[in-house]
Amino acid sequence: MNPPEHPLFKHYPLNGTGAIATGEVPIPYHIYDGYGALIGGTADLAAVQRLLQPEAVTPIQTVDGRALMGIWICDFTNASLGPHHELQFSIFVARQPVRDLATHPLGLLTAMLTRPDMQMMCHGLWNNSPTVVAYNRELLSLNAQLGTSTIARDVQQMNFQFNDAVSGSPLLAGSLSKPQQASGRASFALLTQLGLRQTLRISRQPWVEMAIVNPLGVGLAHNGVARAMTKNALNNVRYFDPATNLLTIGHPTYRELSFSPL
């Protein structure tokens, strides 16, 4: 396997192997091509606090008392573990209470780019590849499960559906309008939120780093941290419009969090 000529893969090359249930795999985990959507928003704080009660972290709170949550829908067309889909329900957390996050539709995205104290707990995770599920569970201590999925995209819509592979029960379904077209209004609002200095600093970074936290119960008896580095070829920011975007959460655990996509 020959990774693309990008500084990120030169800095973190495939320099190891790991043994998992499906065989030997390269380390670290590389993604070379694909696309995806992060649907960011807020959730009911009390419900999220109950969900995270066993954990040694606390949910990030907005000033109006909501928790930060995100849903990732990804089609990785070229990766070190082979092509695969991913559905992830993320709760944004910190080691110490944070209650001062401004209430804004782009508040999550701004915080991801500017707050080093914020971590992303990968709480619910489904992949459609047994190898990726085993890698995530056995090497990263993530609660990965096998799913079945369809993701399709053109210039007008991105449609997706995820089901649990064992029970067949629905996990998530929906569609996003104009996924390849940035919103000038949202992009300008993000620039305003970040400020010119922060925007220039971020634009000069070779990649963006995020701390990923595992939930308890799979491999580790503590909330460990993995570092994830990303450099996207293209980023499109849009507001979530319920009139043109559809989102149905089928999994009961995450449906009960009253997620509000922004």
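The values are calculated or read from the model by the stated rules, or taken from the named source; none is laboratory data. From a predicted model like this one, the values you see are computed outputs, not experimental measurements. FYI the Cβ positions are ideal-geometry reconstructions off the backbone, even for glycines, and counts take in every protein chain you see.
Some observations on this one:
- Flag if residue 255 is out of contact with any Pro (no Cβ under 6 Å at 6 or more places or on another chain), at pLDDT below 95 and charged (D, E, K, R): no
- The set of residues from the stretch 102-135 being in a loop (DSSP other than H, G, I, E, B) and in contact with a helix residue (DSSP H, G or I) (Cβ under 7 Å, 6 or more places away or on another chain) comprises 104, 106, 118.
- Inside the stretch 237-255, residues that are exposed (fewer than 15 other Cβ atoms within 10 Å of the Cβ), of a type outside the set (Gly, Ala, Ser) and outside any strand (DSSP E or B) make up a count of 7.
- In this structure, residue 81 does satisfy being over 27 Å from residue 54 (Cα atoms), modelled with pLDDT of 95 or more and not in a strand (DSSP E or B).
- Of 240, 160, all but one fail to be under 30 Å from residue 138 (Cβ atoms) and within 19 Å of the chain's Cα centre (by Cα); the exception is 160.
- Residue check for residue 186: over 19 Å from the mean Cα position of the chain (by Cα) and assigned to a helix (DSSP H, G or I): yes
- Flag for residue 138 being acidic (Asp, Glu), farther than 17 Å from residue 71 by Cβ and modelled with pLDDT under 95: no
- Condition check for residue 253: of a type in the set (Ser, Thr, Tyr), touching a residue at least 24 places away in the same chain (Cβ under 8 Å) and in contact with a strand residue (DSSP E or B) (Cβ under 6 Å, 6 or more places away or on another chain): no
- Members of the stretch 155-172 found to be in a loop (DSSP other than H, G, I, E, B) and polar (S, T, N, Q), listed by number: 156, 167, 169
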